[in-house]
Amino acid sequence: MKRIAILTSGGDAPGMNAAVRAAVRCGIDRGMEVYGIQRGYEGLLDGEISKMEWHSVGDILQRGGTILRTARSSRFMEDEWVQHGAEILKTFGIEGLIVIGGDGSYRGGRELAKKGITVMGVPGTIDNDLAYTDFTIGFDTAVNTVLGLISNIRDTSSSHERTTIIEVMGRKCGDLALFAGLAGGADVILVPEVKTDINEVCRKVLQGQASGKVHSIIVMAEGADFSLTELQATLEEMTGRETRSVVPGYIQRGGSPTSQDRLLASQTAAKAVELLYNDSDSKAVGSICGEIVAMDLDKAIETKGEFRKDLYDLAEVLGKGVID
Ligand code: F6P
């Protein structure tokens, strides 16, 4: 394969630029022509495609966001637009496409693959909700961002003897809440994967108070069972302690990528280029137990996630209030 293209799609994630850089440079290094598509599938449909050079991706490794820009394309949900996208790529002589994004972006890629384009999925999302890979690009940075917020909130929660709920992103996946909550010493972690009774949350907070905790930190995934206002009001009423809530929102999606995200991005994008160079079928590239792996794109999309119950259970033990 001689001519390939790259796009970033869906919610941006720190490390996407590192993946773009690696894809461009590894492609050129193998003698391929590499094209960048602006604004994901939207840009593809509008023909926003230009050739990239070695220096097009200089000084971006450390930057959050994506220089290719990104979009969520509703047009690309329709078959006739997918067909149009495939035709545009063929007009440019592009045979292979690297899609850096999450679940929705992969689904778009799968449709494109049915129209004769070889698609390589590179996992880019802070949600870590692509089950075929242990980690997605941007997740580690987002965990560290939330960790910083937990530390700050811990200070002020202690001073005021409050309970604070931090609602983090993740869609239907609780990984961001789980990893940041465990690493940040949360008293309670709420995730969509584990059904929790609101009274049980109150009981845990009360037990913490009884054991002498001057504050309580609850990290809740946006996809968890209750709404923030419902939980906040119930906690305040049942525990008698002032309760505040924080929604960091898009702060979680920005920032300079961590070393882990830069390494994952560089390695997965390099693997995607290698597969295209070797005329592979469409695949999704990921990381399992530290190894860079490639799986059939369709199989990767259909893989069901296994929740890290071991980490959840550990967080429960470490966060509980015990009277010495
Ligand atoms: O990137 C994933 C994600 O951050 C989700 O966790 C969140 O629900 C969603 O994107 C919101 O993004 P937007 O408002 O850009 O659609």
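Points worth noting:
- Computed across the chain, the Kirkwood hydrodynamic radius from all distinct Cα-Cα pairs reaches 20.6 Å.
- Prolate is the label for the range 230-304, because a/c, from the alpha-carbon gyration tensor with a ≥ b ≥ c as root eigenvalues, is 1.5 or above and a/b exceeds b/c.
- Subset of K172/K309; K115/K299; K172/K213 violating a 21 Å alpha-carbon distance limit: K172/K213
- Positive-pole candidate from G290, V317, S280, dipole of the range 276-324, charges at beta carbon: V317
- Å² per residue, accessible surface of the chain at 1.4 Å: 43
- Cβ-Cβ distance of R244 and H55, R₀ of 41 Å, FRET efficiency by 1/(1 + (r/R0)^6): the value works out to about 0.30.
- Under-5 Å amide H pairs with S282, H placed in peptide plane, nonlocal only: V119
- L228-I323 FRET efficiency (beta carbon distance; Förster radius 22 Å; 0.05 resolution): 0.15
- Rounded tilt (10° steps) of 79-91 against the dominant C-alpha axis of the chain: 50
- Whole-angstrom gap from the range 212-265 to the range 101-122, using each part's C-alpha centre: 33
- Those residues of the range 34-64 whose amide nitrogen sits under 15 Å from the label point placed on R72, 7 Å along Cα→Cβ: 40-42
- Between 0 and 90°, nearest 10: helix 259-277 axis offset from the chain longest Cα axis: 30
- Gaussian network model of the chain, springs between alpha carbon atoms under 10 Å - residue of E48, E95, E306 with greatest fluctuation: E306
- Derived scalar couplings ³J(HN,Hα) [the range 148-161; Karplus, 6.51 cos²θ - 1.76 cosθ + 1.60; whole Hz; x for Gly, Pro]: x, 5, 4, 4, 5, 5, 4, 4, 6, 5, 5, 4, 9, 6
- A viscosity of 1.567 mPa s and a temperature of 4 °C, combined with the Kirkwood radius over C-alpha pairs in the Stokes-Einstein formula, give the range 1-76 a diffusion coefficient of 104 µm²/s.
- The range 125-181 shape via C-alpha gyration tensor axes, a/c threshold 1.5: prolate
- Angstrom value of the Kirkwood radius, inverse mean 1/r, which spans all Cα pairs in the range 45-95: 13.2
- Under 5 Å, built H, 5+ apart or other chain: amide partners of E242: T163
- Expressed as a whole percent, the accessible area of the chain that falls on carbon and sulfur atoms is 49 (1.4 Å probe).
- Cα-based radius of gyration for the range 50-139, normalised by 2.2 N^0.38 Å, reads 1.17.
- When the charge dipole of the chain is built from unit charges on Cβ atoms (+1 for Lys and Arg, -1 for Asp and Glu) and taken about the Cα centre, the candidate among G116, I94, S151 whose Cα reaches farthest toward its positive end is I94.
- Cα shape, the range 1-150, gyration tensor, a/c 1.5 rule: oblate
- C-alpha long axis of helix 16-29 to longest principal axis of the chain, angle in °: 30
- Model label sites at K304 and R154, defined 7 Å from Cα along the beta-carbon direction, differ in position by 3.7 nm.
- Summary value for the chain: 23 percent relative contact order, contacts being C-alpha pairs under 8 angstrom separated by 6+ residues.
The values are calculated or read from the model by the stated rules, or taken from the named source; none is laboratory data. Predicted model only: the values in this text are computed from it and were never measured. Because the Cβ atoms are built from the backbone with ideal geometry, glycine has one as well, and the counts that use them run over all protein chains shown. The area values use the complete protein model at the heavy-atom level, side chains included, leaving out ligands, DNA and RNA. Shrake-Rupley method; radii C 1.70, N 1.55, O 1.52, S 1.80 Å.
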